[in-house]
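Worksheet: the structure to be examined is printed underneath.
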Amino acid sequence: MPAPSSTALVVGVLRAVWLVLPLAVGPVLAAALDDRSAPVRDVASVLAWATWVVVLVALLVPRATSLTVARIGVPAALVAAGWAAGPGQADPDVLGGALAVVAAAVATALCLAPVVGDAFVTGSAYGTERRFALRCPPALAALAVATWAVVVAGIAAGPLLLAARQWVLGGVALVLGLAVAAVGARSLHQLSRRWLVFVPSGVVVHDPVGRPDAVMAPRPLIEGLGPEPADDEALDLTLGASGLSLVLVTSETLPVTVRRGRQDLGTEAAHRVAFTPGRPGAVLAEADARRIPLPPA
C-alpha cells in the first residue's frame, strides 16, 4: 500500500503537471486555432482557460465532487491536445505536439489512478472515516466514457457554434447541450460516490450505482475481511469489476437491498458480501490497522 506520503506525492505530481500544462498545450492549441475566425479563437481560449482554472481549484480541494470535476476536465485536455497536435494542425510542430500530448496523457493517467480516487473520496470523509473507491466494471466504464463525451460536447458545442455564427444550431446546442451535460455530469458523479468506508462502528459498502442503500456491517458482527476464495458463495456486489475481490464476513446475516429490475427492489440476507476496491492491498492494510482479521476459512 502506498504510504500517506506516497499518496500525497502522487496527488502533488498531478497538481504540478496540471499547473504547467498550459505551457505545453497552449502554444500547440493556439497554432491549431490560428486559421479560425477571431470569435472562434476567443471562445475556444475562454473555454480552455476556464477548464484549466476549474480543474485546478478541484485538484486543490480534494472531495468526491472535485474528483468528478477533474475526471471530466483533465481527459478533455488530452483530447484537445491530440486534436491540436494532429488534425487541427495545418503546419505540424511534431516536437511541440508530442510534448503537449504526453503532458496531457500523464495528467490524465494520474487523475484516473486509484490512489488519486482514494485520496479525493477520503477528502469528503468525516472524522476518523477512511474511504476506498470501488473499481469500475468494464461495462460501466464504457458507458462512463460515452457519457463523458456527451458532457464535454454539450459544454463546448453551443458556444463554439455561436462563435462561428451558426445562430440557430448554436442556440439549440447551447440550451440542449448544457441540459444534457448537467444530467451526464450528475450520472458521472455517481461513479465518484462508490466506495468502501471504515468507520468506528464498522464497515460500509456504499454504491449508489449498484444499490440504493449502503450495506452496513457493525463491528461486533464482523468476523473478517480478506481476499474472496475462488469457490466462495458470497453475495456479489462487484458489478462484474475485474481485479482482486474482497469478501466481508459477518457472524449474522445482513439485509442487503438489491435490484431485480429497473424499478423492482428486493432484499437478500447475506453474511458474506464480495466487492472489488481499486486498491485491495490498501484496504487490507487499513483493516489490519483497525484490527479486523482475515475471514475464517
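The values are calculated or read from the model by the stated rules, or taken from the named source; none is laboratory data. None of the values given here were measured: they were computed from a predicted structure. No Cβ is skipped: glycine too gets one built from the backbone with ideal geometry, and neighbour counts run over all protein chains shown.
Miscellaneous remarks
- Within segment 215-252, tally of residues that are in contact (Cβ under 8 Å) with a residue 12 or more places away in the chain, out of contact with any Ser or Thr (no Cβ under 6 Å at 6 or more places or on another chain) and assigned to a loop (DSSP other than H, G, I, E, B): 9
- Subset of segment 12-38 (residues that are more than 14 Å from Gly82 (Cα to Cα) and among the small types (Gly, Ala, Ser)): Gly12, Ala16, Ser37, Ala38
- Candidates Asp35, Asp42: the one that is over 30 Å from Ala125 (Cα atoms) and exposed (fewer than 13 other Cβ atoms within 10 Å of the Cβ) is Asp35.
- Inclusion of Leu178 among residues that are closer than 24 Å to Leu23 by Cβ, surrounded by fewer than 20 Cβ atoms within 10 Å (Cβ to Cβ) and of a type in the set (A, V, I, L, M) is not warranted.
Yes/no per residue for (1) part of a loop (DSSP other than H, G, I, E, B); (2) modelled with pLDDT of 95 or more:
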residue	(1), (2)
Leu162	no, yes
Arg165	yes, yes
Val172	no, yes
Leu176	no, yes
Ala181	no, yes
Phe198	no, yes
Val205	no, yes
Pro212	yes, no
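- Flag if Arg290 is closer than 30 Å to Thr7 by Cβ, of a type in the set (Lys, Arg), surrounded by fewer than 19 Cβ atoms within 10 Å (Cβ to Cβ) and touching a residue at least 24 places away in the same chain (Cβ under 8 Å): yes
- Looking across segment 39-65, the residues that are among the polar types (S, T, N, Q) and either touching a Cys at 6+ places or on another chain (Cβ under 8 Å) or within 28 Å of Val115 (Cβ to Cβ) (or both) come down to Thr51, Thr65.
- Tabulated pairs, segment 186-211, first of a type in the set (Gly, Ala, Ser), second part of a strand (DSSP E or B), C-beta under 8 angstrom, 6+ apart or interchain: Ser192/Ala133; Ser201/Pro218; Gly202/Met216; Gly202/Ala217; Gly202/Pro218; Gly202/Ile222; Gly210/Arg259
- In summary, Ala146 fulfils each of the numbered conditions (1) part of a helix (DSSP H, G or I); (2) within 25 Å of Pro39 (Cα to Cα); (3) free of Cβ contacts under 8 Å to residues at least 60 places away in the same chain with the single exception of condition (2).
- Residue in segment 227-237 that is at pLDDT 90 or above and closer than 24 Å to Leu188 by Cα present: yes
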